[in-house]
Amino acid sequence: MKKLFVLLLVLSIAGFAFAGGQQESAEPAAESGGSENLEWSKQVDVTKIKSRDGQPLLLEMEQKEIPERPEDPESLPETDPMHWYDMEYAGWSAEKVNIPESPADGARGKEVVVIINGDHPYLTAFGNGVQKVAGAYQMDATILSPNWDVAVQNQMLDEAIVDEPDMIVLVPLDAKVAVQQIRKVNQAGIPIIVSNMLPEDEGMKYCIAWTGPDDWGQFRMLAREWADEMKSNFEGEDIGVAYVQHAPGGSPYFARCWGPMSELSEYAPDIETLDYQAPGFEAEKTMQVVSDWITRFGDDLKGICAADDSAQAIGIQEALQKAGREDIVVVAAGNSKVGMDAVKAGDLHAITYQSAEADGAIAVKTAADWFNGEEIEPVRYLPKKVITAENVEEFMPAQW
Amino acid sequence: MPKLDSKQNAVYWIDRNRIYIIFLGVFLVMSIFAPNFVGLRNFTNILRSMSLNATVAIGFTLVLIIHQLDLSVGSTLSLGAVFTIGFRLMFSELPPGMAWTLGVVIALAAGSLIGLINGLLVAKAKIHSFIVTLGMMIIVQGVIYMYTDVSLSATTPADFALSDFMRMPFLDSIRLLTPRILIAILSVVGMEVLLKRTRFGRNFYMVGGNRDTAWLAGLKADTYTILAFVFAGFFAALGGSMVAIEMSSSPVDLGVNSLLIVVAATIIGGTSMMGGKGSVFKTMIAVLMLETLFNGMNRFNVGTEFKIFASGMILAGVVLYEAYYIYKHEQLKGQRAELLKELEDGRKT
Amino acid sequence: MPDDLNQQQPAQQNSPPGQGNAAAAPPVSRELKQSGLNLWINRFGVYVVAILFILVGIILFGGSFFNSKNFLNILDAVTLLGMAAVGVAFVTYSGHFADLSIPTTMALSGYIAIELIPLGMFMSIFTGLLVGVGVGLVNAFAVGKLRANPIIWTLAMAYVTKGVVRWVWLNKQIYPDIKAGIGNEHLADAFINLYRIRIFGSISITVIILIALVIAAQFLLKRTKFGQQLKVTGSSYDVARLSGIKASRVVGTAFLISSLTAALTGIFITSLGKVGAYYNGEGYDFNAVTAVVIGGMTLNGGRGDIIGVLGGVFVIGLMRNIMTLMGIDTFSQTVVQGIVFITVVYINARSLRKLGRDDA
C-alpha cells in the first residue's frame, strides 16, 4: 500500500547507487607481475605531466633546514618561532614503528585508497593530481570524502582496513585525532602515507611518510614579503598589523597566524600585532571585523594577513574600499581563482602558491616510489612560492 | 469500534513496524549488490558508526516525546569529548584509570548540567525550547573554543591500551561487538525498558502527550520536562565521551553533523513531533539503517552529495507520508466510516 | 492532532496546567501588572536593547563609535542577514518557527544566476529568483497543504536541495567571468558589481534594497488583507480555518516569501563572493531566526512586526561591533551572543505574559 512508498523509495535509491557503482568498478586491475612490473614502473616518467595552471606537476622537492629542538618549546613565548617547533617540524625526528616492508614489485595494478577530509574545490583539484599520477603508474586509486566529519572519516578508515588495499593515503581532518587513525591502519599492517595536513608528531611514527605543503615555511616567506612591502610603503611610520585566522582545529589555524607573527618578531620586530580574530569563512562577517578594526585602530593599521584568499579576502577588500583605506597591505594564503584575480587587480599584495594538484600528486608519487622499493624520506614538502602582481601570470589559469 | 479487517490489520502492522521493514530492505539490497558488504568485520564497522549517533539520539527522542526540541545535542557531545580528554590530561599525575574515570565523570556531569539549564529555562522560565537550545548550541560551542582552541589528545601507552580495548571486539567467538558498541546498545535498551516498562518512564509519554491530563493525574510536568533535558545532555555527553576514549583524542567540532542525522533518524524511527509517541529502540534501528545505507554507498564509491540527497529523500518521504496520513485522517474527522459504508451499501442495493 | 504542534499547542505547552484555571479567574491581577515597565518593554522591545547597546558603545568609545560611518558599517555588515530575516519573519509570524531550507536555496539561486549570465542580467536574476519560487512552492505544498512539521520538512528540503546542488555541480565552484565567456565580460562585471553599487557615494545598494524590503513587508503584514489573515492564522490555525480563511494558502504564501527573499539574498551573496559555491549561505538559517526572535516576534506566531526584525538584525551587528572594538575574541563573542539572545527573548516573553497578552 502507500506504506510501501518509503520502501520503494529506498529501493530506487539503492538501485541508483548500484547503477552508479557499476560504471565505476568496470575496469579490472592490471595483473602485477614481479620483476617485469618493477622495471616498467621504475621507468615511468611523471616529470613531464603538467597541472592545470601549466606548472609542472612534480617539481623538485623543497629542502628545509631542521634546527635543534629547544628544551621545552611550550614554555617559550608564542611570538618565538621555536614555540611552534613541534608543529612546524613534526615528523623529522620520529622513530618509525612497525612499518610494513616494501614489496618492491612495482606500482602497476596496486590498489590505493585515498581518504580526503571533505569536499572542497581545492580537494577536487587534489583528486585530479592523484588520478594523474595514478594513471601514469596504472594504479587503481579510489578517493573517499567524509564531508568534514571526523567520525565519518574514522568509519571510512575502518572500512578501508577491511578491504585491505595496498596503500592508504590519508588527509587528516584533525592533527590530534590523526595519531590514532594512523596507528590503527599501522596495526592492521597496511602501509599509510599522510598528506596535506600535518598530524601530531606522535602520529609520524606509524606512517611511511608525510607529504604536503610547508604551511609554516610558506607563511614565513609571505611574512617577509609583506614586511618589506609595508616598510617601503610606510617609511618611518609605526606599523601595526592584524590577522584574520583560519577556523580552529587544524594546523592552518596556527601556521597562518603565529607563523607570520613569530617570523615578524625576528625579521621586523618593530611591527606591532594589534589583534587577531577568527570570523570563519564568510565574507560578510570578515567585512565587519575589518571595518571594526579600522574604527578601532585607525591609521595604526597598516597590514592584514588572511588565512583564506577567497571569502575572507573579499570581505577585507570590501571593508577597505568602503573606508578608503586601500593603502593597507593585504596578504593571504592561496591560490584560488578569486585570490589570483585579486592579486592581478592589485587588491591583494601577495598570496602563497600551493598547488592543489601537486599536493595530491606528490602523495601518490611517494606511494609509487615505495612500491618500487626506493628509500623514502620521512617528509616531502611541496615547493614554496609567493605570488605577487609580477609573477601572477605564470600561475594562470588557477587550478580551482 | 468496528473490527478491523485483515487488510487494515496488515496495514497497521506494517505502519507500526515500518522502520524494521525499511532497515531489512536496505540491508538486503546492500548485501546483494554492494561488493565486500557481507562480512563480520564490516558489520562491526556499521555498528561502530551507529554507536555515537544512537547514544545521542536517546536523549533527543526523549525530548521529542515530552513535546520539546533540543538543538544543543551536537554541541553537547563535542563538549563531552573535549572535557573527557581535557580532564584526563589535567589529572595526569593520577594513575590513568583514575584520571580517565574522573574525565568521564566530569564530562557527563557537564553534559547533564547543560541539560539541567536547558530544562530549567524551558520549564521554569517558560522560554520556548527551540530558542533555549538554539542559544545553548551557540553558547556551548563558544565555551568549547574558550576552553581549548586546539584539539586534545592523550598519548601514553596506557591511553592507547584503553583505546584499543574500546575499539576491538572483545569476544573472540563472535567478533561483532566492541565495548563501545555494547555501551551504546545497553544504554538504548536500558532506556527503552525504563520508558516502556516502568511507571516513571511511562509518565514521560503522558506529560508529552497531554500536559493538562498529566497535571490532572497528579504528575509534576515540569520535573519530567527538566529530567528529559538532563537525560538528553547526559547521553549526548556520553556518546562524545566514548568516542573520545576510542580515539584517545577529541576534535573541537566532533558533533557538527550529528544533529542532522539524529533528527532524521528520530523522525524516521517513528517518534512524533507532537509528543507522547516514540521509541528509543526504533530510533536506534533508524540510525542503523542510515549507517548501513552510507556504508553500502561507500562501497559503490558514490560521493557525499549522493548520501546527503538520499538521506534527505528518505526523511522527506517519511515526513510527507505521515503528513498525508494525518491529512486524510483530518478530512474524515467527524465522519463515521461504518455509517458511510452502510450508506454506500444501501445505495448499491 | 495534526496541527497541534505547529499552531495552538506551543502556546500552551510551556505553561503549567494551572494557568488554564487562572485564566478563568477574574482578571484583577492582570490589571494590576499592566504597569509602566512591562508596557514599555512590550511596546519598544528590541529598541530598548539597541539603545542600551548604543549607550554602552558611547560610554566606552565615544566619538569613534557614535558616528554615521560606524553605523553605516554596522548596517552594511548585516544587510544580507536582514534580507533573509525579513522573509523568515513571515514564516515565524505564521506560527511555523523557521525555514531551515534557506541556505541551500541561496546556494542554488546563486549557481543558477551565474549559469545564466550569458543570457543577460535580467534573465540571470529573474531565473535565480524563480528558483526561490520553486523551492517555496514545494515547501508551501508540504507545510501549507499537507501540514508537515515545518522544522523537519524544511530540514529535509535543505538536505535534498543541497544534495542536488552538489551533485549537479560536482562540488565545484563556478565563476561569473568564466561562465559569461569571452566577449561577455561586461555581463560578468555587471553581476559582480551588483553588490557593489553605491548610491550617494557611500550608501550601498543592499542597504536601500533592505529598507525597501522592510517597508514593503511591513505594509504587507500590517495593512493588507493577507497580513490580517496571516495574523489570525499565526495566532490560531484552527480559528483561522473555521472563520473561513484559506489557512493552507496563507501559510504557503509565507513560505513562498521566505524562499523568494532567500533567493534574492543568495544572488547578492554570490555577487559579493564572486563565486557560486555549495556552501554559500551556510549559517543563515539559524542566524535569521535569531534576528527575527530578538526583534520581538514570538514563535507562537501572530506577534511582532518587520520594523522589529530590522531592529533585531541591527542589534546583532551592534553587538559584534562593540565586542570587536573592545577586543573580545571571536569565541567569547559567540557565548555573549547566545546569552543575550536567550535573555532578550525571556524578557520579551515575560512582559507579554505579565500583560496578559500571551498565555505562554
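The values are calculated or read from the model by the stated rules, or taken from the named source; none is laboratory data. This is a predicted model, so every value here is computed, not measured. Don't worry about glycine lacking a Cβ; one is built from the backbone with ideal geometry, like all the others, and counts go over all protein chains shown. Surface accessibility is based on the protein's heavy atoms, side chains included, excluding ligands, DNA and RNA. Shrake-Rupley method; radii C 1.70, N 1.55, O 1.52, S 1.80 Å.
Dividing the alpha-carbon radius of gyration of region B:59-126 by the rule-of-thumb value 2.2 N^0.38 Å gives 1.33. Here the convex hull built on the C-alpha positions of region A:55-146 has a volume of 200 cubic angstrom per residue. Of the residues B:TRP215, A:TRP92, the one with the largest accessible area comes first in the ranking B:TRP215, A:TRP92, computed with a 1.4 Å probe on protein heavy atoms. Using every pair of separate Cα atoms, the Kirkwood estimate puts the hydrodynamic radius of chain C at 21.5 angstrom. Our summary gives region B:6-301 a relative contact order of 39 percent, counting only alpha carbon pairs under 8 angstrom and 6 or more residues apart. Using θ = phi - 60° in the Karplus curve 6.51 cos²θ - 1.76 cosθ + 1.60, the 3J(HN,Hα) couplings for region C:268-275 round to 5, 4, 5, 5, 5, x, 6, 8 Hz; x is entered for Gly and Pro.
For the residues C:LEU116, C:LEU256, C:LEU75, a GNM of chain C with alpha-carbon springs under 10 Å puts the largest fluctuation on C:LEU116. A Cβ-based charge dipole, computed about the Cα centre of region A:216-353 with Lys and Arg at +1 and Asp and Glu at -1, lands at about 440 debye.
When chain A is treated as a GNM with alpha-carbon contacts under 10 Å, the residue of A:ASP201, A:ASP45, A:ASP166 showing the greatest mean-square fluctuation is A:ASP45.
Using the Karplus relation 6.51 cos²θ - 1.76 cosθ + 1.60 with θ = phi - 60°, the per-residue 3J(HN,Hα) values for region A:252-264 come to x, 4, 8, 4, 8, 10, 7, x, x, 4, 6, 5, 5 Hz, with x marking Gly and Pro.
Heavy-atom accessible surface of A:TYR267, to the nearest 10 Å², is about 90 Å², with a 1.4 Å probe and all protein chains retained. A dipole drawn for the protein assembly as shown from +1 and -1 charges on Cβ atoms has a positive end, and of A:ASN154, C:ILE114, C:PHE286 the residue lying farthest that way is C:PHE286.
When the Kirkwood hydrodynamic radius is evaluated over all pairs of different C-alpha atoms of the protein assembly as shown, what value in angstrom, to one decimal, is obtained?
That comes to 30.8 Å for the protein assembly as shown.
Taking every residue in A:294-306 and counting other chain Cβ atoms within 10 Å of its Cβ, the average works out to 2.
Mean sequence separation of contacting Cα pairs (under 8 Å, at least six apart), scaled by the length of chain C, corresponds to a relative contact order of 34 percent. Under a 5 Å amide H to amide H cut-off, with H placed in plane at 1.01 Å, what residues pair with A:LYS385 once short-range neighbours are removed? Amide H neighbours of A:LYS385: A:TYR353.
Counting only Cα atoms, region A:332-400 measures 48, 18, 17 Å along its principal axes, largest extent leading. Remark: for residue pairs B:LYS220/B:LYS277; A:LYS96/A:LYS385; A:LYS96/A:LYS184; B:LYS220/B:LYS282, the C-alpha separation exceeds 24 Å in A:LYS96/A:LYS385; B:LYS220/B:LYS282. Put a plus charge on the Cβ of each Lys and Arg, a minus charge on the Cβ of each Asp and Glu, and nothing anywhere else: the dipole of the protein assembly as shown about its Cα centre is then about 7100 debye.
With only Cα atoms counted, region A:130-254 has Rg and Dmax values of 19.1, 64 Å.
Using a 10 Å cut-off on Cβ to Cβ distances, tally the other chain neighbours for every residue of A:169-181 and report the average as a whole number.
Rounded to a whole number, the mean comes out at 5.
Couplings 3J(HN,Hα) of region C:230-239, computed from phi: 5, 5, 5, 4, x, 5, 7, 4, 5, 4 Hz, in residue order, whole Hz [Karplus 6.51 cos²θ - 1.76 cosθ + 1.60, θ = phi - 60°; x for Gly and Pro].
When the Gaussian network model of chain C links Cα atoms closer than 10 Å, the mean-square fluctuations of C:PRO150, C:PRO118, C:PRO103 top out at C:PRO118.
Between the amide H of A:GLY118 and those of A:ASN147, A:TRP148, distances stay under 5 Å, these residues lying 5 or more places away or on another chain, with hydrogens modeled in the peptide plane. Would you give the gap between the C-alpha center of region B:84-116 and the C-alpha center of region C:222-288, rounded to a whole Å? Comparing the Cα centres of region B:84-116 and region C:222-288, I get a distance of 45 Å. Accessible area ranking (1.4 Å probe, heavy atoms, ligands and nucleic acids excluded), largest first, for A:TRP400, C:TRP153: A:TRP400, C:TRP153.
Largest first, the three principal axis extents of the alpha carbons in region C:239-360 are 53, 40, 20 Å in whole numbers.
Potential lengthening of the chain between A:SER93 and A:GLU78 amounts to 3.2 nm, from the contour at 0.36 nm per residue minus the alpha-carbon distance. Across peptide C:162-173, the mean count of Cβ atoms from other chains lying within 10 Å of each residue's own Cβ comes to 6. Taking the longest Cα principal axis of chain C as reference, the axis of helix C:68-93 is set at about 70 degrees.
To the nearest ten degrees, helix A:215-233 and the longest principal axis of the Cα atoms of chain A are 20 degrees apart.
Dipole magnitude for region C:38-354: about 1020 debye, using +1 per Lys or Arg Cβ and -1 per Asp or Glu Cβ, origin at the Cα centre. From the alpha carbon centroid of region B:231-292 to that of region A:206-221 is 36 Å.
Relative to the longest principal axis of the Cα atoms of chain B, the long axis of helix B:179-197 lies at roughly 40 degrees.
The C-alpha atoms of region A:216-353 occupy a region whose extents along the principal axes are 34, 33, 27 Å, arranged from largest to smallest. Calculate the length of the line joining the C-alpha centroid of region B:21-77 to that of region B:134-189, in whole Å. Computed from Cα coordinates, the inter-centre distance equals 16 Å. When all alpha carbon pairs of region C:189-261 are counted in 5 Å bins from zero, the resulting P(r) reads 3, 14, 18, 17, 13, 10, 8, 8, 5, 3, 1 %. Using modelled amide H (1.01 Å from N, peptide plane; none on Pro or chain starts), what sits under 5 Å from the amide H of A:GLY240, excluding residues fewer than 5 places away? Distant-sequence amide H within range of A:GLY240: A:GLU272, A:LYS302, A:GLY303.
Using the charge dipole of the protein assembly as shown (Lys, Arg: +1 at Cβ; Asp, Glu: -1 at Cβ; taken about the Cα centre), state which of A:PRO121, C:PHE200, B:GLY208 has its Cα farthest towards the positive end. After comparing all options, I get B:GLY208. Accessible area per residue was computed with a 1.4 Å probe on protein heavy atoms; B:MET137 scores about 40 Å². Note that chain B carries a Kirkwood radius of 21.8 Å, evaluated over its alpha carbons pair by pair.
Lysine pairs, Cα distance under 17 Å, 8 or more residues apart or cross-chain: how many in chain C? Final tally of qualifying lysine pairs is 8. Note on B:GLU338: accessible area approximately 80 square angstrom, rounded to 10, probe 1.4 Å, nucleic acids and ligands left out.
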